[in-house]
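Take a look at the structure below.
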Amino acid sequence: MSNIDQTVAIPNASSVFRLFLPEHLPATMMLGGGVTLYAVESYITATIAPSIVRDIGGLSLFSWVTSIFVAAAILGSIFVAIRPRGIGLRTIYVIVALVFGVGSLIAAAAPSMPVVLIGRAVQGLGTGALAALGYAFIRFVYPEPLWPKASTLYAAIWGIATVIGPTLGGFFSSGSSWRYAFIVLVPLGLLMAVLAPRLLPEVRDDRDQAKTPVAQIGLLLAAVLMVSAAGAATSIRAALVVASVVAVSGALLIERRSRNRLLPSGAVTLSSPISRVYLTMLAMTVVLVSDVFIPYFLQTLHGVTPIVSGYLVALVALGWTFAAFLSSSLSGKRADAAIVTGVFLETAATASLAIFLAGDNPDGHMLLVVPASICMFVMGFGVGLGWAHLVAMVLKLVADKEQDKASSAIPTMSSLGGAFGAALAGVIANGAGLVDPGGIAGALSAAHWLYLVMALPGVLAIGASLTLSRGAA
């Protein structure tokens, strides 16, 4: 791993702000910009989606505004690893920035919801690839001690986007103004494509020659689409979730037996450390997305206003960002301990919401909301404490020739965890009475069982992270 061996030490590398030193600033701006596009655009579109439906119709396709974007983003992140031989990462950056701009233009000019979905799919391809490039470039533009700090920066971007995205979306939420939310992104994509050859380094394509793993990709995309459809379905929701699990299982089985792999060697073998790193990431994301129901429970059970509930749930992102900065300077056994501690905190906080969020507070006493608010912050804090170190571990555990696969799999795992977690949360909440009997009683039951059950994947992550810690020690 020659490019790693050349950069094993750097003095005073304890601060994330070293990423903004003159020698790193151009790459930091470009890579951070790509992640920012993905993050902010996700929240802006979630905010303006109701306005789109009111303006051009398509309520039956409402959930697909997000679902098709996530599925395409996964495909975009995979494309970084399976791109045609000889095409460098910088060239891919130029291409996908332009793709993002085209998708934004299609969505802005869309006369109907199906055309909006086409634009969202094209956008997703671009932003998914940009997010993957943020990780793929890390080993080429930063010394090894700065790898976790680059991941910390990306976490901070997502945390900030949680607040900025909905706020910006609010400016475009009246009438047909939603179109401008897409139009302003077109020149931004063009500008990034123009700047990439000037600000990003040209790096050697050190991958092995391989065919595209079509079967694994197809099964994973089918799984995401089915689990996304489960969020809108009612009678067949459980069947769609089961079918998606079967599709993922099939993809993993093929991956394990095939020489033509989508993931790096050992990624589907639990005895391999890289497999347990990905498993920890996936499980942590599944647990985290249970926060999608928090605003509803705050408003229904605690009488919190919509805007206040939005800012309270942003505590999750704030906790992630704060912990990411706090732990960015850790290394060795302390970094391993941060991963284990973070997973435990996320799991414990999620289970605690079954008590503190599932309470009837019709008068809206904010003092009674404080314990649940602390749990929200700790949920995000737990993820932020260890996520950057998991990313750095991925980059260290694989050979140069599989680095693109390994780094592209990071946003893929995050997107898969988000899709499956959201669908699982919907199945649990509805099964526990959110809709039937509904009302206060249904919300109480749903909140209690949702956060108890959603903590279970965290237990799995704790086990996986403990084995990583022991292996590192």
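The values are calculated or read from the model by the stated rules, or taken from the named source; none is laboratory data. In this text, all values refer to a predicted model and were calculated from it rather than measured experimentally. Reconstructed Cβ throughout: ideal geometry from the backbone, glycine too, with neighbour counts over all protein chains shown. Remember, those area values only see protein heavy atoms, side chains included, never the ligands or the DNA or RNA. Shrake-Rupley method; radii C 1.70, N 1.55, O 1.52, S 1.80 Å.
Overview of results
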{"read-out": "Probe 1.4 Å - accessible area at Lys405, Å² to nearest ten", "value": "40 Å²"}
{"read-out": "Computed magnitude of the charge dipole of the chain (debye, nearest 20; Cβ of K, R +1, Cβ of D, E -1)", "value": "1000 debye"}
{"read-out": "Hits among lysines - C-alpha to C-alpha of Lys211 under 19 Å, sequence gap 8 or more where chains match", "value": "Lys401, Lys405"}
{"read-out": "Within-13-Å neighbourhood charge of Leu270 [Cβ basis; K, R +1; D, E -1]", "value": "+2"}
{"read-out": "Percent carbon-and-sulfur accessible area, the range 410-451, ignoring ligands, DNA and RNA, probe 1.4 Å", "value": "69 percent"}
{"read-out": "Exposure rank, largest accessible area first [His389, His365; 1.4 Å]", "value": "His365, His389"}
{"read-out": "Cα→Cβ-extended label distance, 7 Å offset, between Asp436 and Phe20, nm", "value": "5.4 nm"}
{"read-out": "Of the DSSP H helices in the chain, those whose Cα atoms cover at least 15 Å axially and whose Kyte score averages 1.6 or more", "value": "64-82, 89-109, 185-199, 214-229, 306-327, 370-397"}
{"read-out": "Solvent-accessible surface ranking, highest first, for Arg259, Arg90 at 1.4 angstrom", "value": "Arg259, Arg90"}
{"read-out": "GluC sites (Glu not before Pro), loop per DSSP, at most 16 other Cβ atoms within 10 Å - longest free stretch of the chain", "value": "203-473"}
{"read-out": "Rg in Å to one decimal, and Dmax rounded to a whole Å, for the range 336-458 via C-alpha atoms", "value": "17.7, 60"}
{"read-out": "Quarter of Cα convex hull surface for the range 359-426, i.e. mean projection, nm²", "value": "6.3 nm²"}
{"read-out": "For the range 170-283: rounded, prolate or oblate by the Cα gyration tensor [a/c cutoff 1.5]", "value": "oblate"}
{"read-out": "Rounded to whole Å, sorted largest first: equivalent-ellipsoid semi-axes of the chain, Cα gyration tensor", "value": "33, 27, 22"}
{"read-out": "Efficiency of FRET from Cβ geometry, Val459 and Ser331, R₀ 30 Å, rounded to 0.05", "value": "0.65"}
{"read-out": "Asp436, Asp404, Asp291, Asp360, reordered so the largest accessible area comes first (probe 1.4 Å)", "value": "Asp436, Asp360, Asp291, Asp404"}
{"read-out": "Simple spin-label estimate for His365 and Thr91 in nanometres, 7 Å along Cα-Cβ", "value": "6.6 nm"}
